[in-house]
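Comments concern the structure below.
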């Protein structure tokens, strides 16, 4: 008697993986980079790459190269089966789409941590930073923001609301 075939549902079921691509999402000044300090693994930061490429984390003149390098760095970790955190604003579906596709290529679980910060608080925190984003830019980014959704292929969305309290640390 020939061996039984596995049912189609069992064959198409994705394998369980502990590999994660963790994507931060939030306004400048919301506390994304501060949050990365809690992560016990590699962090790919577009600000750090900008600093490396141009000498100034605020210089956006080489952003196409910055994002290409970020994707290459993420792929490096995922290829080696190392979970990685991606520190960028990731405010638009279009910017998240490329990163989600990259994670799927390596069968990584996609998790988005949405640092939900009111724009006026982000602006106040931003004023305490060395590298400041103009307030009108933060307000525009807030208006254009597209909240992450499972339909994008995101397995887990963690929304962390930031409140204006005395113990809320300013972003660095």
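The values are calculated or read from the model by the stated rules, or taken from the named source; none is laboratory data. Computed from a predicted structure; not experimentally measured. All Cβ positions, even for glycine, are placed from backbone atoms using ideal geometry, and neighbour counts span all protein chains on display.
Considering only helices (runs of 4 or more DSSP H) fully contained in the range 22-141, which possess at least 3 residues that are at pLDDT below 95 and more than 27 Å from residue 161 (Cα to Cα)?
Numbers: elements: 32-36, 46-54, 63-79, 93-105, 119-126.
By residue number, 46-54.
Under 9 Å between Cβ atoms, which residue pairs at least 6 apart in sequence (or on different chains) link something in the range 87-111 that is at negative phi and free of Cβ contacts under 8 Å to residues at least 24 places away in the same chain with a partner that is part of a loop (DSSP other than H, G, I, E, B) and crowded, with 21+ Cβ neighbours inside 10 Å?
Close Cβ pairs satisfying both conditions: 95/88.
If I filter the range 123-132 for residues that are under 22 Å from residue 37 (Cβ atoms), surrounded by 18 or more Cβ atoms within 10 Å (Cβ to Cβ) and over 14 Å from the mean Cα position of the chain (by Cα), do I get at least one hit?
yes
Here are some residues: 158, 120. Which one is surrounded by fewer than 16 Cβ atoms within 10 Å (Cβ to Cβ) and in contact (Cβ under 8 Å) with a residue 40 or more places away in the chain?
From the options 158, 120, the qualifying one is 158.
Looking at the range 11-21, which of its residues are at pLDDT below 90 and in a loop (DSSP other than H, G, I, E, B)? Even if it seems obvious, please write down each step before you answer.
Residues of the range 11-21 that are at pLDDT below 90, as a first pass: 11-17.
Across the range 11-21, the qualifying residues are 13, 14, 15, 16, 17.
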